[in-house]
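**Q** Mind having a look at this structure? Questions to follow.
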Ligand code: URA
């Protein structure tokens, strides 16, 4: 209802301006698919437990939401759960996850101090790559996780995360090791830990990327 009282600011009567429209963080995501009505991660996780937007849930044991600190400065985004993740209900707990833990330890971080999630939350059968339709169905959840965690830094682990978070046409060759800032969040792409297990020659550049992440975290902690 309109107030009948005289305005404190003559000339500024009328309804207050509409709140700014939500600008999604991920390329191609529409505000409607970003679970904007959800105000916390627990509610989002509950919604995702019931999610059947794609066919993956019918072929896996459970939805794998995330692990780590929901208030972390650093968010890591992988591809999707593998067999061990599907069994345990946590991301990056298989071989690639053990390597990720070692990499984090090498930059003086414990897994509990970062927020870890994946582009798709349900295991693709036989560990195949998620299809574009499956990524499309799941990316609103990642969008909401980014909105609710509000990390200072996002690390995209591998090509699928890089294409989902940074640019659908990205290549690892061009994107790896490059920093981009979007909506105040700094984003870098690096190799997926599973790729490091298969290609030892990727370890050196990946190590440089994580050293750079450590340096940016320290800058952020000191308010730069
Ligand atoms: N690979 C991923 O991308 N995510 C996981 O959770 C495990 C392996």
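The values are calculated or read from the model by the stated rules, or taken from the named source; none is laboratory data. Computed from a predicted model, the values in this text were never measured in an experiment. Neighbour counts are summed over all protein chains in view; Cβ atoms, including those assigned to glycine, are modelled from backbone coordinates with ideal geometry.
**Q** Exactly one condition in (1) away from the ligand (no atom under 16 Å from the Cβ); (2) touching a residue at least 60 places away in the same chain (Cβ under 8 Å); (3) closer than 26 Å to residue 223 by Cβ is not met by residue 186; state its number.
**A** Of the numbered conditions (1) away from the ligand (no atom under 16 Å from the Cβ); (2) touching a residue at least 60 places away in the same chain (Cβ under 8 Å); (3) closer than 26 Å to residue 223 by Cβ, the odd one out for residue 186 is (2).
**Q** Does residue 123 count as over 15 Å from the mean Cα position of the chain (by Cα), within 11 Å of the ligand (Cβ to nearest atom) and more than 14 Å from residue 193 (Cα to Cα)?
**A** For residue 123, the condition - over 15 Å from the mean Cα position of the chain (by Cα), within 11 Å of the ligand (Cβ to nearest atom) and more than 14 Å from residue 193 (Cα to Cα) - is met.
**Q** In region 44-85, which residues are without any contact (Cβ under 8 Å) to a residue 40 or more places away in the chain and crowded, with 22+ Cβ neighbours inside 10 Å?
**A** 85
**Q** Consider residue 191 carefully, then state whether it is buried (at least 16 other Cβ atoms within 10 Å of the Cβ), under 18 Å from residue 106 (Cα atoms) and over 20 Å from the mean Cα position of the chain (by Cα).
**A** no
**Q** Quick test for you: out of 135, 165, pick the one residue that is out of contact with any helix residue (DSSP H, G or I) (no Cβ under 7 Å at 6 or more places or on another chain) and either under 18 Å from residue 57 (Cβ atoms) or modelled with pLDDT of 95 or more (or both).
**A** 165
**Q** Here is a follow-up. Could you check, for region 102-110, whether at least one of its residues is within 14 Å of the ligand (Cβ to nearest atom) and surrounded by fewer than 17 Cβ atoms within 10 Å (Cβ to Cβ)?
**A** No.
**Q** Of (1) in contact with a helix residue (DSSP H, G or I) (Cβ under 7 Å, 6 or more places away or on another chain); (2) within 13 Å of the ligand (Cβ to nearest atom); (3) not in a loop (DSSP other than H, G, I, E, B), residue 92 satisfies all except one. Which?
**A** (3)
**Q** I've got another one for you. May I ask you to verify whether residue 130 is more than 16 Å from the ligand (Cβ to nearest atom), touching a residue at least 24 places away in the same chain (Cβ under 8 Å) and either closer than 26 Å to residue 212 by Cβ or surrounded by 15 or more Cβ atoms within 10 Å (Cβ to Cβ) (or both)?
**A** no
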